[in-house]
Every structure is written in C-alpha cells, then in structure tokens.
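Below is one structure; the comments refer to it alone.
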DNA sequence: TTGTATGCGTTATCAG
DNA sequence: CTGATAACGCATACAA
C-alpha cells in the first residue's frame, strides 16, 4: 500500500503539500495541485483513514446496541440510523447484545478504547443499562421509556397504549386481556400503565389475572393467548404489547375456531410490515422507527462533537392504525 | 484520557514494560506486573485500540454489505455473522446498500482506506458487484449463485426450487405460476432454472407468461398474484421466490375468495419466522441463514489472515418444509 | 505558498 | 527482565 510520502516523492513535493492538497486544496498552488493529483492517480493512493482518525483521536464510528437485530422494528430503526450515519461520514458498528450484559459491556469497551465515539442504545432494560454505562461516554437512548436519563428519543408508550385500550372500550369491550412483555421491561411497564389508566377512566376495575407475560416473540404470544382463552371468563379482546405476539396469538385463536374480530378483537404495537399483510390485518400503533433512527444519530453526533443539545428528550408522535382485527364486543353492535 | 506513559510514570516503569505487561505478561517480573496492574486500576487506563490497530495496520473490522437489513433472512444471517465476529475479536460495520451502487462503493472504499479488513457480500447482483470489487480486497460472497467467483457460501438455489416444483407437480398441479424476483437477479435466475428443469422432467411445457416479476417485497407479491389470477387459464399453484412475496400473494388471494390450498397452492422460499405463523402457514424452503453467517465470517477471516482456503465454495443444504399452503390440485384427490 | 519538524499511542527491536 | 528508541501515516504549527 502506498502512503502519503510515496505520493509526495513522485509528485516532487513534500508530504505536507500532499496532505494539504487533499484537505485544504485552497492552500495549494494550482500547479502543485495538479502534480499531486496525477501522482495520486498513478500510484492509486488512498489516504489511510485509520491513521487520520488516530491523529484526530476520533473514530468517526458509533456503536448501535440492539437486543435483537432480527426484530423488524429495530432493523428499520437501524437502517435509518445507518443512512444518516453515512451522510455524516460516520460508520455504524453493529452491537447485537441478545440481551446479554457481557456483550453490552464488550461494546461499551469498544468506545472506551477509542474504536467508536459513542453509542446509540436501543436496549430497553434501563436498569442494567444505566448500571453499565459510564457517565462520560456519549450515549443516546433511543428506546426510551419515561424514566430514562440522559439524551433520549422516545415515544409516549403510555398514552399510545391508552389510545388503543380506549378504542377497545369504545367498542364495548370490558374484559380486555393483556399480552405483556417481560414484567420488568420498561416498555411493558409504560404500556401497562396506559392500559390501567384507560380502564380506570372508564370505571372498569383492573384484574391482574388478565395480564399474561410474553417476551415479545410470536411463540410467547401464542402461549399467552392460550392462557387467556382458558380463563374462567374469557376476555373479548386482547391488547398485545407488540405485533409479533399478536400474530402468534391470532394464529392459535384461529386454530381454536375463535373468529377475529367477531369473537375476539386483537391489537398489536409497532406496526411491522407483516401486520398489514397478515391474514386478519392487525390494528396497531405505528412508531416512527425511521424518524427515530435519524434523530438518534443527529443527537449522538451533537453529543460527540460537544454541541449543546437544544432538548434533552424528544417524544415523537405515534399513529393509531385501525385494521381488521378489532370489532365490537360480542353481543354489541 | 490517560495513555500508556501515564501508567508507566505512575508505576515507576517504562512504557514498554506496561505494554508487555498487557500483551506478554510472561515476560515481565511479578513485582512489576503488580505495580502496573495497580497503576492501571488507579488511573482507569484503557489501551487505545485505534493506536494499536494503526500500528498493526489492521482494523479488526469487517464490512457486511447487505441490500436491506430489514429483510428477515438477511438480519438472521447478520446476527450470526456478528456473533462469530465478536468471538474472533472483530467488529462488524453495517453497510446497508439498498441496492445503490454508490453506497456499495462507499463501503468498499472503507476497506481500501483501512477502516476495515474485508467484506462479506450479501448482494446477489453479481454483475455489478464484481465490477465494483477490486480484486485485491478480501471478500467473501455469501449470497452466492452458481456463477459467483471467489470464496463463496451458498445454497443450491436451482435444486431447492426444483424440489418445490416437483412436489407441486406430484400433487397434480400442471399449471404453476411463478412470482420471480427481478429478472436479472441471480437468485431468481437460478430458481427459475430449477422450475424449468422440474417442468421439463415432468413433460410439462414451459409457459413464459406464467412467470411474473416481483422485487421480493410483499407488495410486489400481491401485485404479481393479481396478474396470475387474471390470466385466461388461472394457475392452480404459485411458486413464489421468497416468503414475503408469497405472503403478499396469499393476502390478495384470500381477499378474492380464493381458498388456500383448496383452490390454489402457494409456496415460498427462505422460511422466515412469519411463514410459520401466517394464517395459512407457508410451505417453503428453509435456508441455514445462521450457519451461513458463521461460515462467511470464518472464511473471511481466513482470507484476511492469509490462510489457505481448503475449499473455495461451500454449498449448504436446504430443507423443504411442507405446511398448510399446499394441497392437491383442484379436481385431484 | 511551501517544507521541516513534531507528535498522536502503541509495540517491536535492540542494547543493556 | 528492562528501558530507550524508532516506526506506523497523517496533519499541523512554525519557519522560511
């Protein structure tokens, strides 16, 4: 591989001139600029970015910490993040933690050892996260819940959930089952609070047995739905905390001959692509995943570059999308 | 940020000793090892990996070039790749090209400028790809088709497709529509060849009107299905070249009152998670995405480190999974 | 405008 | 076993 001195020698100038020709061409005479240009072409010189980054003590790279990249919501987010990163001259280092703290720490270490300049955090488990994250490393929390600290991009999970449940109530549903994420998942907590608020405002008592626990996978949604079906008083609607679990639930309901939405309404959360195309298309909450990815990147770069943040937290709007999986409670019209 | 000399000063040793204490502790006396250990802890020293990489002229990073990370097959592959990379001390740089050649080139440049050591290529468009890829940069083609050059991990698209179509034929189907990817997509070409072979061996003439073109999205599958339904002689089965398009197709078929599989059979390709949970679960080909991701990483590291490759190409087995979306041709039993 | 000299943090070499 | 030194490739302060 040729370096800047090879080019300089060939062009008959100093290495400094070659460097300037590339970074500050206005400071170099036209004549030498041409010489340098030719020499660069002749040897096929490519500046060594690693050396340059090293000199600037900057990696121009960010880590994105994600529990599972195969989750469609996350992959959409990351796609937008990467897009923005590329625009800004940054590289995205993929950190799929699978929820394992050691892996998270491994990636935090990458920042501490200067292989990346900051972290975008999609990990919702804020307790662990905040324990592991040293306060001095640039970090944006992009899966924020109500009680995150530091720069954050988030949605209002609570009021979104409330909107969904309000809608179900308006359709006459009084017994609404919940398929939750893991109980200590911040999203699950916020969304459950929305559910409770909606119930309270409608004067419906909260029944904790109606809340089943899943882990955001289709399989867990299926299992949770089985439990809900076997209850003494079977709910007439299911509020699932994400689309995957709702899809899993719908499959088993249909297998059992329960019609959707005639016998039971089902709602999701996220609006992943499959929700629109699933056989009974899913009523759900759409999150602005791409907008969130872009904003997270913008925000992180601001933090990295030491620019002041005009806002510490951005709460983005969600959209409630009504499709075929919801209808009037049985017996209502 | 503290550096190696700060530690050395504090420990009362030379920088070289600190370096050795970290990299070759067996070459350092126990006494000084302890001193160094304490000093490191005291100042919270983290070795600057960028400086170390710079010195070794290695990035310990690889680029993964993918047309669309939100595609579940790709994200599974990448998850496994990242897993293996982490095991081997490498970082994965995410390169979502969205099929745009300029973006691909941008990432190739990252390797040329020493920000990464090599590339795993998931881009199936081998023509463009090979035009852009300089011969001297380590690269593994992981979405290989029959005519890729260089190190490759792939499946036998042709024979997998043939298996599917053979099965449909065995069910009595004689008029089998195809939802293809873009006509010049290597996967689409290989799979279409499999389709043709199966037909030929069964003595069924190939009808080119039965081949509709999609772009591997659900939406395009839906549109293609509409075309197939409107044909003079409507096919009794649809061979879709991926699951997404099959899911899109199934939705519109059901909307039109066409029963699956009684009136029409549908098959997919990839076996993404949703195929199992979609309302009529999908008969499809399962690709070993995770195995492919791991092997691609192993292979790339071998190339990077200059180890000889025992095999230039690995063809991994696929599995044919029969679910509910296929059945006997109408009129057959 | 241009060239020279220096340093970024690390590690291998070599002499002690 | 240890320390001083040079080198990796680049960009800047400074001198000319």
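What follows draws every value from the coordinates through simple rules; no lab data is involved. Values in this document were obtained by computation on a predicted structure and should not be read as measured data. As a convention, Cβ positions derive from the backbone with ideal geometry for all residues, glycine included, and neighbour counts pool all protein chains shown.
Observations on the structure shown:
- Annotation: for a label point projected 7 angstrom from Cα along Cα→Cβ of residue A:24, residues of the range A:32-50 with backbone N closer than 16 Å are A:33.
- Nearest-ten-degree value, helix A:186-202 long axis tilted from longest Cα axis of chain A: 40 degrees
- Two numbers describe the Cα atoms of the range A:1-116: Rg and Dmax, which are 19.6, 58 Å.
- Kirkwood-type radius of the range B:1-56, with distances r between different C-alpha atoms, in Å: 11.2 Å
- Mean projected area of the convex hull spanned by the Cα atoms of chain B, taken over all viewing directions: 21.0 nm².
- Residues B:220, B:2, arranged from fewest to most other Cβ atoms within 10 angstrom of their Cβ, appear as B:2, B:220.
- Range of Cα positions in the range A:26-68 per principal axis (Å), largest first: 54, 22, 15
- Net lengthening on full extension, residue B:200/residue B:171 (0.36 nm per residue, minus Cα-Cα): 8.8 nm
- Least to most buried among A:243, A:298 (fewest other Cβ within 10 Å first): A:298, A:243
- Of the residues A:58, A:20, A:191, the one that moves most in a GNM of chain A with alpha-carbon contacts below 10 Å is A:20.
- B:24, B:114, B:173 arranged by Cβ crowding within 10 Å, fewest neighbours leading: B:24, B:114, B:173
- Diffusion coefficient, µm² s⁻¹, Stokes-Einstein with Kirkwood Rh over alpha-carbon pairs of the range A:157-287 at 20 °C and 1.002 mPa s: 152 µm²/s
- Using all pairs of distinct alpha-carbon atoms, the Kirkwood hydrodynamic radius of the range B:59-198 works out to 16.3 angstrom.
- Share, in percent, of DSSP beta bridges within the protein assembly as shown that are antiparallel, nearest 5: 10 percent
- The Cα atoms of the range B:61-113 give a gyration tensor whose axes a ≥ b ≥ c have a/c of 1.5 or more with a/b no greater than b/c, which makes the shape oblate.
- Sequence-separation-based contact order of chain A, relative, with Cα cut under 8 Å and 6+ spacing, percent: 16 percent
- Unit Cα scatterers, Debye sum, the protein assembly as shown: log10 I(q)/I(0) for q = 0.05 Å⁻¹: -0.28
- Exam field: residue A:9 pseudo-label spacings to other copies (7 Å along Cα-Cβ), nanometres: 3.7
- Normalised contact order of the range A:209-333, rounded percent, pairs of Cα under 8 Å and 6 or more residues apart: 25 percent
- Inter-copy label distances at residue B:232 (7 Å, Cα→Cβ; nm, one decimal): 6.7
- Chain A: antiparallel DSSP beta bridges as a percent of all, rounded to 5: 10 percent
- Computed FRET value (nearest 0.05) for residue A:263 with residue A:58, which takes r as the C-beta separation and R₀ as 51 Å: 0.30
- GNM flexibility winner over chain A from A:78, A:153, A:252 (Cα, springs under 10 Å): A:252
- Here residue B:146 yields copy-to-copy label distances, from shortest upward, of 6.1 nm, the label point defined as 7 Å from Cα along Cα to C-beta.
- Among chain B residues, the one whose Cβ is nearest the axis of the rotation from B to A, given with its distance rounded to whole Å, is B:279, 2.
- The simple spin-label model puts a point 7 Å past each Cα toward its Cβ; for residue A:193 and residue A:290 those points are separated by 3.1 nm.
- Where only alpha carbons of the range A:231-333 are counted, the Rg and the Dmax (Å): 18.6, 60
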